[in-house]
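Taking it in order: structure first as structure tokens, then the write-up.
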Amino acid sequence: MSDLTTVKLFFSYSHEDEALRHQLAKHLKLLERNNVIDAWHDRKIGAGNPWKNAIDDNLEAADIILLLISADFLASDYCYDMEMRRAMERHEEGTALVIPVSLRPCDTNGPDFMKLQGVPKDFKPVVKWEHQDDAFTDIAKGIRAAAEKIRNARKPA
């Protein structure tokens, strides 16, 4: 259950990175329990429901859009051309905050999202950290700070 101050979060990721997305979701669970965020990803689409409509609706409703970056993400026409393109449009419009998350090493020279501050620290890929929990904790702290900023902006004066 969410309220007016709960921040809607959207995961844009390649299914090849599902295990890493799942690990990140566990690190964000406390934020969900405290109604700071309401996280959504495509695995929440129920059987028989039109997946494209669900993705589009949740992408449009999101306050924060996480781009989970890997070579598979960059190679996916849907992730790159549909989700990332729309996420960046919404970021430029000021209707959503896009946060790039470096999961696995890949060439990121050129995409628009590289002009944004990413996580974890120094945009070091999660899989390159000695302890991945340290990377996920750093990411969660960055998302918490972003969500709190959005929540504070919504509070009446």
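Just one of the numbered conditions (1) acidic (Asp, Glu); (2) more than 15 Å from residue 17 (Cβ to Cβ); (3) touching a residue at least 12 places away in the same chain (Cβ under 8 Å) is not true of residue 83: (2).
In the range 118-129, the count of residues that are within 26 Å of residue 38 (Cβ to Cβ), open to solvent by less than 60 Å² (accessible area, probe 1.4 Å) and either touching a residue at least 60 places away in the same chain (Cβ under 8 Å) or in a strand (DSSP E or B) (or both) is one or more.
From 89, 93, which residue is open to solvent by 60 Å² or more (accessible area, probe 1.4 Å), over 17 Å from the mean Cα position of the chain (by Cα), closer than 20 Å to residue 57 by Cβ and not polar (S, T, N, Q)? Every option except 93 fails the conditions.
Candidates are the residues of the range 26-65 that are of a type in the set (A, V, I, L, M, F, W, C) and exposed (fewer than 12 other Cβ atoms within 10 Å of the Cβ); the one that is farthest from the chain's Cα centre (by Cα) is 47. Residues that are touching a strand residue (DSSP E or B) at 6+ places or on another chain (Cβ under 7 Å) and over 30 Å from residue 127 (Cβ atoms) were ranked within the range 1-25; the one that is most open to solvent (accessible area, probe 1.4 Å) is 2. From the list 152, 109, the lone residue that is within 25 Å of residue 29 (Cβ to Cβ), of a type in the set (S, T, N, Q) and open to solvent by 10 Å² or more (accessible area, probe 1.4 Å) is 152.
The values are calculated or read from the model by the stated rules, or taken from the named source; none is laboratory data. What you are looking at is a predicted structure, and each value in this text was computed from that prediction instead of being measured. Cβ: placed from backbone, ideal geometry, glycine included. Neighbour counts: every protein chain shown. Just so you know, the surface numbers come from the protein's heavy atoms only, side chains and all, with ligands and any DNA or RNA stripped out. Shrake-Rupley method; radii C 1.70, N 1.55, O 1.52, S 1.80 Å.
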